[in-house]
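Only one structure is covered here, and it is reproduced in the block below.
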Ligand SMILES: [Cu+2]
């Protein structure tokens, strides 16, 4: 039911080409299904004087495409009861993007597994583009400069000052450990491997689950230009000493606070989008003690499985990790251009671009280009001719994928209402740039660039 037919634009383009080359003979020949482009073409050619004016109707002045009113259908869709819950209906395909979308459902051995809930319901304030000033050092510089605060931060100066002061406290807490050995000596234990674009999670067993910028529950350690080390090479804390190689620096914090129904209001402003891990499998396929296995939390992107898969791999299955979690990258030498609270930090090995980070969470879509709709955003889409583009909605509100724009809609394709977890494929048969928008939120627009 959710996978709808792909629509081609070939006829559309052929008709436009035919109209412009064949001239007036075709100017009035509107074909059903092509009214958008045909209208445009007809309007362009209307001033040509050859056609007898008294028998031709006047050129249309309004778009011939009337968009359906989807508001009732959209309002009728079920929604999650609170901020921490999964959506009421499960998707049939993987959806979402770690650190960028409200929901992530990933693929584990061919099964779709609820993986992550992030941020409050509805439209989230997110600041994740490298062109935006949302890293720790950028927020500090913005405050110090006295420059106007960019609209995308959605905060006033007083809020920014409070946020920066909170981040300064996290920075001081993190930098109180010069080395990973210091963290071991302070009673930390290693909670994860060296996760890509995160580092090693060292957990403070004494921190409790309250929000306190002076005492984050975890400190992240990484090396500049580090090789990736596997679990046995990495080392751990034994008797207050780090057994692995030296040279790891603190790069950030992870907060791990009480799992309330509503999204936490912890840092000043709204750019802190806390997340919850679902269906986590820890310690699988590794020869570790039960004690260490029990100690491991499950920060990281690839841990979700089904219960059966986890048990057969010898892992410990957690249906939910019962806390709101969030990273805070507050160390200048590892400044996160993806934002101080981003899931992944492009400054920590391996180095990746923000667009690549956004794509990373989308899983195993065969024969189609993933175009996740995340937080009211279609992203940048670069497709090739003949390749289906698979739009999937990972927000908790419905969207549409509709050709054209609100002021210039087209009937070349229209997904109808896409609820949470629903997907829609569009295939483009000619190179070019194709506009699309959301009928329900007309300021949501995108251009698909299609190349040969
Ligand atoms: Cu929308």
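The values are calculated or read from the model by the stated rules, or taken from the named source; none is laboratory data. No experiment lies behind these values; they were computed from the predicted model shown. Using ideal geometry, Cβ is built from the backbone for each residue, glycine included, and neighbour counts are taken over all protein chains shown.
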Discussion item. I'm trying to understand the selection: among the residues of the range 292-316, which are surrounded by 19 or more Cβ atoms within 10 Å (Cβ to Cβ) and at pLDDT 50 or above?
Written reply: 303, 304, 305, 309, 310, 315
Response to the item:
Per the filter on the range 217-243, residues modelled with pLDDT of 90 or more, out of contact with any helix residue (DSSP H, G or I) (no Cβ under 6 Å at 6 or more places or on another chain) and in a loop (DSSP other than H, G, I, E, B) are 217, 239, 243
Discussion item. Restricting to the range 152-202, count the residues that are buried (at least 20 other Cβ atoms within 10 Å of the Cβ) and at positive phi.
Written reply: 2
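Residues checked against (1) at pLDDT 95 or above; (2) within 12 Å of the ligand (Cβ to nearest atom):
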residue: 405; (1), (2): no, no
residue: 431; (1), (2): yes, no
residue: 438; (1), (2): yes, yes
residue: 442; (1), (2): no, yes
Worksheet item: Just a yes or no: is a residue in the range 215-233 surrounded by 18 or more Cβ atoms within 10 Å (Cβ to Cβ) and over 25 Å from residue 347 (Cα atoms)?
Response: no
Worksheet entry | Residues satisfying the stated conditions in the range 239-254, i.e. farther than 23 Å from residue 331 by Cβ and either touching a strand residue (DSSP E or B) at 6+ places or on another chain (Cβ under 9 Å) or free of Cβ contacts under 8 Å to residues at least 12 places away in the same chain (or both) | 239, 243
Practice prompt. Look at the range 374-403 and say how many of its residues are within 15 Å of the ligand (Cβ to nearest atom) and either buried (at least 21 other Cβ atoms within 10 Å of the Cβ) or under 19 Å from residue 98 (Cβ atoms) (or both).
Written response: 18
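For the range 410-452, please list each of the strands (runs of 3 or more DSSP E) lying entirely inside it that holds at least 3 residues being within 28 Å of residue 103 (Cα to Cα) and free of Cβ contacts under 8 Å to residues at least 60 places away in the same chain.
Output list reads 432-437.
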Worksheet item: Given the residues 218, 155, which is the only one that is under 30 Å from residue 81 (Cβ atoms), touching a strand residue (DSSP E or B) at 6+ places or on another chain (Cβ under 8 Å) and in contact (Cβ under 8 Å) with a residue 40 or more places away in the chain?
Response: 218
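Residues are listed down the side, and each one gets a yes or a no for (1) surrounded by 20 or more Cβ atoms within 10 Å (Cβ to Cβ); (2) more than 11 Å from the chain's Cα centre (by Cα):
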{"site": "88", "(1), (2)": "no, yes"}
{"site": "96", "(1), (2)": "yes, no"}
{"site": "99", "(1), (2)": "yes, no"}
{"site": "103", "(1), (2)": "yes, no"}
{"site": "113", "(1), (2)": "yes, yes"}
{"site": "125", "(1), (2)": "no, yes"}
{"site": "131", "(1), (2)": "no, yes"}
{"site": "138", "(1), (2)": "no, yes"}
